[in-house]
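A short write-up of the structure that comes next.
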């Protein structure tokens, strides 16, 4: 009987791990994840366009910020962050095929663009598929 209970517990634990899709439990990550909201808030007076993306890496929801302004030099690295804001992978610039193959389902959540009139970054959400340049 103890063996059956042990087998049952192992099966339940295994199934619960398999059902974990590593997605963040939130409808609006920019508002629901404090660290991501803080990152978004740090984008002020953007002289170059910056964007925050949500994507999938190794079946896990990830976030990253990049400078995606064609008029600015963006030679920095791109850091993938998990739902808790922990770094899980770093890609060096320029982003190439490895990034495109490993980081999928990219969705732009926020864009900070320079506004000539106020110098502030308006929030925009674009539902079109993202393209990395």
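Here are a few things to note about the model shown:
- Checking 65, 51, 55 one by one, the residue that is over 18 Å from residue 102 (Cβ atoms), buried (at least 18 other Cβ atoms within 10 Å of the Cβ) and in contact (Cβ under 8 Å) with a residue 24 or more places away in the chain is 51 and no other.
Matching residues to (1) more than 23 Å from residue 44 (Cβ to Cβ); (2) at pLDDT below 90:
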{"residue": "63", "(1), (2)": "no, no"}
{"residue": "67", "(1), (2)": "no, yes"}
{"residue": "76", "(1), (2)": "no, yes"}
{"residue": "88", "(1), (2)": "yes, no"}
{"residue": "104", "(1), (2)": "yes, no"}
{"residue": "119", "(1), (2)": "no, yes"}
{"residue": "126", "(1), (2)": "no, yes"}
{"residue": "129", "(1), (2)": "yes, yes"}
{"residue": "133", "(1), (2)": "yes, yes"}
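- Filter pass, residue 100 being surrounded by fewer than 13 Cβ atoms within 10 Å (Cβ to Cβ) and in contact (Cβ under 8 Å) with a residue 24 or more places away in the chain: yes
The values are calculated or read from the model by the stated rules, or taken from the named source; none is laboratory data. Because the structure is a prediction, the values reported are computed rather than measured. Note: ideal-geometry Cβ built from the backbone for every residue, glycine included; neighbour counts use all protein chains shown.
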